[in-house]
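> The following block contains the structure, expressed as structure tokens.
Any read-out appearing in this document is the output of simple, stated calculations on the displayed coordinates, not a laboratory observation. Small disclaimer: the values here were computed from a predicted structure and weren't measured. A quick note on method: Cβ atoms are made from the backbone with ideal geometry, for glycine too, and the neighbour counts reach across all protein chains shown.
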Amino acid sequence: MSPLHSDTRAVAGAVARRNLRHAFKNPALFVPSLVFPLVFLLAFAGGLSNLQNVPGFDFPSGYTAFQFVFVFLQSAAFGGVFTGLAVAGDFESGFTQRLLLAAPRRTGLIAGYVAAGMVRWLVTSTVVTLAALATGMRVDGGGADLLGLLTLGLLVNITATLFATGVSMRLRSMQAGPLMQIPIFITLFLAPVYVPEDLLTGWVATAADVNPATALLEAGRGFISGEPDVVAVAFACGVGLVAFMGVFAVRGLRRAEREA
Amino acid sequence: MSATDRGALATQVGFIARRSVKRTLRQPALIVPTIAFPLILLAVNASGLDSASRLPGFPAASYLDFAIVVTFMQGALFAATTAGTELATDIESGFLDRLQLTPLRASAILLGQLAGAVAVALIGALAYLTVGLIAGVSIKAGIGGVAVLVALAVLIALAFAGIGAFFAARTGSAEAVQGLFPLLFVTFFLSSISLPRDLIEIGWFRTIATWNPLSYLVEGLRSLVITGWDGTALASGFGVGAAITILSLAAASSALKSRMART
């Protein structure tokens, strides 16, 4: 391995380990990222299950599985936001400024935050999945389908972490929280959240047509029902978003290097 | 309490209320999200959930009519955090300590502090109504119903502001008050806020929604929009709203007195 890669890995490992230790040792930081998806799962899958009786609703695996995919991907996105808030917190405490001086490969910082975000989300997604199964979710997809769903979740999580990290690197304040949360929240809710896309009406139907979250959601629902759909489009969107947000985060890092 | 005492209390409440209203209205960061966020959610959900209005037994012609009152509930949620954060900030900054050197009573401080949150809730209620009416919502109870709707919305905001003030007085921390938001948010979702209780299919969820007092607040507000004058729904809405207001203000007043006695 070249010294370049070795330096990046060392920085990423140190940042990830610190972030994870900090998150798991502070229930006030970790619990909300766990509780929010569970509440959405209960509220949507429990409270709105009658929507499966709307004429034209034809998802074969039931409403809990239909909503589970949304909550699964939403938890991946908000897991990224929580990691972004941790980046902002590190700037406010002066920790990142010290890291910028000490780290031989600064892009390792971003890699470290992304790795920590992925581990945090894997814990959250496990709990959400167990909760969904406990409430009677039907899974019709096989192992390969579920692996596809997990990969989509990871792509969403990495995208959101890179976006939130990019925002944090630019603003370097916890007050940037709404700037991370609101765009992600709106993007997710402008997709077919409650009913399939062809049952949407009005301006949300138009927005859902061009929203990449729609492809991710529909592919995820295809995986869990064992009837994969729009898989290539969803993965192209996921990989494209990761690449785009990766550039956004690295440019944010360069700005932080100049200004912090 | 003599008439002179009552007059003195009213004057004290007036002083604190003026400061609270001025301070709140001077912060766009408090007002804009309170008005904009519920309206954005309404726009998204009214369109995304419109197919729910095709369910047999759904009580409204459109989901927008059904969901307009959700904005009032979200406004009340913001009132809770606004009132709590402002009181906690006064505790953290030492302003409450300085007030103790004056003849002000704890009850006057509490009632005055809530004025800012109630003012924001009132502005929000009028904004939600205006946008709703422009978007095509029709209020079945007519003009009188609009007045009652605003009155109930303000009562609900006062009830939630009392809860925020209680948390603030107990903890003395604005950060702890912010932690109240997810808790109340959870309670909102576990009510009849998204579908009528008789259309909730899952038994345990319907039971929680039936026990959740927030369901009765929502249903009281909603009855004016989609039913007209429904005495039972209104009595439940005002009854639950008044009960939460009395309990939360009594708890907040007691917590504030304890805090003032300690410092």
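> Compute for chain B: radius of gyration divided by Kirkwood radius, i.e. Rg/Rh, restricted to C-alpha atoms, rounded to two decimals.
In chain B, Rg relative to Rh is 1.00.
> Using only the Cα atoms of the protein assembly as shown, build the gyration tensor, take square roots of its eigenvalues as a ≥ b ≥ c, and label the shape rounded, prolate or oblate: rounded if a/c is under 1.5, else prolate if a/b is larger than b/c, else oblate.
oblate
> Separate question: For helix A:177-189, report the angle its Cα long axis makes with the longest principal axis of the Cα atoms of chain A; keep it between 0 and 90° and round to the nearest 10°.
So the helix axis and the longest Cα principal axis differ by about 20 degrees.
> With viscosity set to 1.306 mPa s at 10 °C, what whole-number translational diffusion coefficient in µm²/s follows for the stretch B:39-164 from Stokes-Einstein and a Kirkwood radius over Cα pairs?
So the translational diffusion coefficient is about 98 µm²/s.
> Going Cα to Cα from B:Lys257, which lysines come in below 26 Å? Please leave out same-chain ones fewer than 8 positions away.
Partners found: B:Lys22.
> Moving on to the next point. Percent of alpha carbon pairs in the stretch A:6-153 separated by more than 22 Å?
Of all Cα-Cα pairs in the stretch A:6-153, 48 percent lie more than 22 Å apart.
> What is the helix-to-structure angle for B:106-135, meaning the angle in degrees between its Cα long axis and the longest Cα principal axis of chain B, kept from 0 to 90 and rounded to the nearest 10?
Between helix and principal axis, roughly 30 degrees.
> Here's another thing I want to ask about it. Among A:Glu227, A:Glu257, which comes first, then next, by fewest other beta-carbon atoms within 10 Å?
Ascending number of Cβ neighbours within 10 Å: A:Glu257, A:Glu227.
> From Cα pairs below 8 angstrom and at least 6 apart in sequence, can you work out the relative contact order of chain B, rounded to a whole percent?
26
> How crowded by other chains is A:30-42, given as the mean number of beta carbons from other chains within 10 Å of each beta carbon?
Partner Cβ neighbours, averaged per residue: 2.
> Follow-up question, since we're still on this one. Counting other C-beta atoms within 10 Å, and keeping those with at most 16, which DSSP coil trypsin sites (Lys or Arg not before Pro) do you find in the stretch B:140-220?
B:Lys140
> Put +1 on the Cβ of every Lys and Arg and -1 on every Asp and Glu Cβ in the protein assembly as shown; which of A:Ala65, A:Ala243, A:Val139 then has its Cα farthest towards the positive end of the dipole?
After comparing all options, I get A:Ala243.
> Right, another one. Extending each Cα 7 Å along its Cβ direction at B:Ile143 and A:Thr135, get the distance between those two points in nm, one decimal.
Placing both labels 7 Å along Cα→Cβ, they lie 4.6 nm apart.
> Related question: At most 14 other Cβ atoms within 10 Å and a DSSP loop assignment: could you name the chymotrypsin sites (Phe, Trp or Tyr not before Pro) in the stretch B:204-263 that fit?
Here the chymotrypsin sites (Phe, Trp or Tyr not before Pro) that fit, given the DSSP loop and packing criteria, are B:Trp229.
> Follow-up question, since we're still on this one. Name the aspartates and glutamates eligible as straight-distance cross-link partners of A:Lys25: C-alpha to C-alpha under 19 Å, and not fewer than 8 places from it in the same chain.
Of all the aspartates and glutamates, those that pass the test against A:Lys25 - Cα under 19 Å, at least 8 places apart if same chain - are A:Asp90, B:Glu175.
> Stretched out fully, how many nm does the piece from A:Val127 to A:Asp7 gain, at 0.36 nm a residue minus the Cα gap?
Once the chain is fully extended between A:Val127 and A:Asp7, it gains 39.8 nm.
> State the extension gain, in nm to one decimal, for the chain segment bounded by B:Ala8 and B:Ile246, taking 0.36 nm per residue of separation less the distance between their alpha-carbons.
Roughly 83.5 nm would be gained on extension.
> With the contact rule set at Cα under 8 Å and sequence spacing of 6 or more, what percent relative contact order holds for the stretch A:127-260?
39
> By its C-alpha gyration tensor, with a ≥ b ≥ c as the square roots of the eigenvalues, how is the stretch A:1-70 shaped: rounded for a/c under 1.5, else prolate for a/b larger than b/c, else oblate?
Taking the square roots of the gyration eigenvalues as a ≥ b ≥ c, the stretch A:1-70 is oblate.
> Enumerate the calculated ³J(HN,Hα) couplings along the stretch B:3-13 in order (Karplus 6.51 cos²θ - 1.76 cosθ + 1.60, θ = phi - 60°), each rounded to whole Hz, writing x wherever the residue is Gly or Pro.
Once rounded to whole Hz, the list reads 4, 5, 4, 4, x, 5, 5, 4, 5, 5, 4.
> Shape verdict for the stretch A:127-213, please, from the Cα gyration tensor: rounded (a/c under 1.5), prolate (a/b greater than b/c) or oblate.
oblate
> Averaged across the residues of B:194-201, what count of C-beta atoms belonging to other chains lies within 10 Å of each residue's C-beta?
4
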